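Following this message is one structure expressed as structure tokens.
Coordinate-derived values only; no laboratory data. Keep in mind that what you see is a predicted model, and the values were worked out from it rather than measured. All Cβ positions, even for glycine, are placed from backbone atoms using ideal geometry, and neighbour counts span all protein chains on display.
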Amino acid sequence: MKKNTAAITNDFESLANDAKALLAATADVAEAKVIEARQRLADALEKGKDAWKFARDKTVDGAEVTDEAIRGNLYSAIGVAFGVGAVLGFLISRRG
């Protein structure tokens with residue numbers, strides 16, 4: 001799971017770096033359309049950073065709450081998981 005998160009983070013960082021490089025490469029172009037496109041790209045980059053931080057924070061918060069719930073009710077969680085597995089196993093075995 002951490003590998004996937006790290007890969008996604010690296011992809012987003014790479015995309016952000018490429019966008020920043022594009023902004024830097026077009027800094028000397030003074031055409032109105034290029035200036036407008038650069039501003040839209042800069043705004044999108046900022047929104048993307050904010051969205052990524054929000055999603056990451058919500059995911060971490062959810063994982064922490066789940067971890068606390070499972071640790072607080074360990075035997076209940078094991079019992080529920082066993083029960084769900086038993087029911088699924090029973091249903092699957094009846095199909096075959």
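Could you look through region 1-46, keep only residues that are among the hydrophobic types (A, V, I, L, M, F, W, C), under 26 Å from residue 63 (Cβ atoms) and surrounded by 11 or more Cβ atoms within 10 Å (Cβ to Cβ), and pick out the one that is nearest to the chain's Cα centre (by Cα)?
Out of the qualifying residues, it is 8.
Sticking with this one: Among the residues of region 47-96, how many are closer than 20 Å to residue 10 by Cα and over 16 Å from the mean Cα position of the chain (by Cα)? First the steps, then the outcome.
Applying the first criterion (closer than 20 Å to residue 10 by Cα) to region 47-96 yields 47-60.
Then keep just the ones that are over 16 Å from the mean Cα position of the chain (by Cα); that gives none.
Residues flagged as closer than 20 Å to residue 10 by Cα and over 16 Å from the mean Cα position of the chain (by Cα) within region 47-96 amount to 0.
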